[in-house]
Amino acid sequence: MRLFLKQVLFLLCFQGLLAQVQEEVNPPSNIKSIVFKGPTEDQFPIIKLGEPIFLEFDDLLANEQDYYYKITHCDYDWTPSILLKSQYLKGIDNQRIINYENSYSTLETYSNYQLTIPNNNLSLKVSGNYILEIYNSSYELQFSRRFIVFKDIVKIGATVKRSRDFEFLNEKQVVQFTVNSGNFRLVNPKKEVKVAILQNYHWPTTIKNIAPQFTLGNELVYKYDQETSFYGGNEYLLFDTSDLRAPSSQIARIEIGELYDHYLFADSFRNDRPYTYFPDINGDFVIRTLQGDNASREAEYTNVHFSLPYEQTLGLDDVYIYGKYNNYAFTDDNKMTYNEDTGMMQATLKLKQGFYNYKYATMGDDGTIRTNAVGGNFHFTENNYLILVYYRNFGDMYDSIIGVGSANSRTISN
């Protein structure tokens, strides 16, 4: 018995040494338009246990190759949990995605793949952090995406406040919230409960490892100022290519070659201008077309041309088109180049028809990323905040999610 316990402890320690944080992996250039969401319109995959989750993506190789999916359960810190597959999955993964079809009546050919979970092969058994990985037939990882499964046990009340730090008074927003456990008993909440706060459903913005300031009855109170503050940023820029042939207030002109070319009006620096509100979808995108009934398989791919005047404030920093369309990645595909003839930073992206949000982000030689250097930071900016509440009782094998809350800065107060 003693030998068995030693072996178990050794395996757990060995697994802990091997555990790595499961980051999202972005796809090769032939895979585009990844849509991953729950039942709501927001393309952030968060579901209550038992609800469906949907994945869709295009392969521009259009050769109907096989893709497989794998699911891993993770703890609060996004390292794989010690649960066995049979403890968090009912059924088996490593299954082939069988719902796919080629595009039709499009200049750009592609294969469209769709996956729904739960399905006939598997369903999820526990709440928590998960990561979905997509492999090709050679078992080479193509891309991965995080998703969240929760149980609605505790209630979260949240508000967004203006920063009290005079230095960031006009730039930052502060999220303050309470967690009401109701009849759910918390013995040692500072040890059992952890929270994560995200701005606009974007994982790199996450603030975590924040303990409750104090407990009031069955409420955990988080009324910090600096610890839960976020830069406000600015509203996203946008364009709509749903109608292939119609210029708009964002599209200056349209040309037709091998594909449609949509030339956007030149953008400008907004970091030194007064804040102006206009509705956006916080960096997201929506695939849609007026040229067919099925946007998944009838929408065209078009070349969208972006331009931004070069200013000395950029220096030698690299400039990127930044948005959910490519999971906010910094790649050569969305990197802008300087045109000496026009004095403009320019980039061309191949994007599926639809409505898109974007902004300009910069990266210095040292790898420093500044997402608001061009757009500026304003405390008035409309942002959505997501609050995840994790729970692990003494002796539990994994971190469950027992509640989800949200707040929007549209109702920001002092």
Somewhere in segment 30-44, is a residue within 25 Å of residue 332 (Cβ to Cβ), open to solvent by 30 Å² or more (accessible area, probe 1.4 Å), in a strand (DSSP E or B) and modelled with pLDDT of 95 or more? yes
Looking at (1) more than 27 Å from residue 167 (Cα to Cα); (2) open to solvent by less than 20 Å² (accessible area, probe 1.4 Å); (3) part of a loop (DSSP other than H, G, I, E, B), can you tell me which one residue 358 breaks? (3)
Limited to segment 198-215, what total is found for residues that are more than 23 Å from residue 166 (Cα to Cα) and either of a type in the set (Ser, Thr, Tyr) or in contact (Cβ under 8 Å) with a residue 12 or more places away in the chain (or both)? 12
Any idea how many residues of segment 228-244 are at pLDDT 95 or above, acidic (Asp, Glu) and open to solvent by 40 Å² or more (accessible area, probe 1.4 Å)? 1
Cross-chain or 6+ apart pairs with Cβ under 9 Å, segment 163-186 first and within 19 Å of residue 384 (Cα to Cα) and open to solvent by 50 Å² or more (accessible area, probe 1.4 Å), then among the aromatic types (Phe, Trp, Tyr) and part of a strand (DSSP E or B): 171/231
Filtering segment 334-346 down to residues that are at pLDDT 95 or above and either in contact with a Pro (Cβ under 8 Å, 6 or more places away or on another chain) or closer than 20 Å to residue 367 by Cβ (or both) yields 334, 335, 336, 337, 344, 345
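What residue, of 108, 101, is in contact (Cβ under 8 Å) with a residue 24 or more places away in the chain, of a type in the set (D, E, K, R), under 27 Å from residue 261 (Cα atoms) and not in a strand (DSSP E or B)?
Numbers: 101 fails: not in a strand (DSSP E or B).
Unique residue meeting the criteria: 108.
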Search segment 90-108 for residues being in contact with a strand residue (DSSP E or B) (Cβ under 7 Å, 6 or more places away or on another chain) and loosely packed, with under 15 Cβ neighbours inside 10 Å, and hand back the single one that is farthest from residue 65 (Cα to Cα). 90
Residue 304 fails exactly one of (1) closer than 20 Å to residue 234 by Cβ; (2) in contact with an Asp or Glu (Cβ under 9 Å, 6 or more places away or on another chain); (3) of a type in the set (A, V, I, L, M, F, W, C); (4) surrounded by 15 or more Cβ atoms within 10 Å (Cβ to Cβ), namely (1)
Count - residues of segment 119-149 that are in a strand (DSSP E or B), out of contact with any Lys or Arg (no Cβ under 7 Å at 6 or more places or on another chain) and surrounded by fewer than 16 Cβ atoms within 10 Å (Cβ to Cβ): 2
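Conditions (1) among the small types (Gly, Ala, Ser); (2) under 23 Å from residue 383 (Cβ atoms); (3) more than 22 Å from the chain's Cα centre (by Cα), marked per residue:
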| site | (1), (2), (3) |
| --- | --- |
| 271 | no, yes, yes |
| 279 | no, yes, no |
| 310 | no, no, yes |
| 328 | no, yes, no |
| 339 | no, no, yes |
Going residue by residue through segment 258-265, is there one that turns out to be over 21 Å from residue 295 (Cβ atoms), of a type in the set (D, E, K, R) and open to solvent by less than 20 Å² (accessible area, probe 1.4 Å)? no
Unique residue being over 30 Å from residue 191 (Cβ atoms) and either under 19 Å from the mean Cα position of the chain (by Cα) or small (Gly, Ala, Ser) (or both) when the list is 351, 386: 351
Residues of segment 223-255 being within 30 Å of residue 175 (Cα to Cα), touching a residue at least 40 places away in the same chain (Cβ under 8 Å) and assigned to a loop (DSSP other than H, G, I, E, B), in sequence order, are 223, 224, 225, 226, 228, 232, 233, 234, 235, 236
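Going by the conditions given, is residue 116 in contact (Cβ under 8 Å) with a residue 12 or more places away in the chain, under 30 Å from residue 219 (Cα atoms) and not in a helix (DSSP H, G or I)?
No, not satisfied.
The values are calculated or read from the model by the stated rules, or taken from the named source; none is laboratory data. None of these values were measured; they are calculated from a predicted model. FYI the Cβ positions are ideal-geometry reconstructions off the backbone, even for glycines, and counts take in every protein chain you see. Note: areas computed on protein heavy atoms with side chains; ligands, DNA, RNA excluded. Shrake-Rupley method; radii C 1.70, N 1.55, O 1.52, S 1.80 Å.
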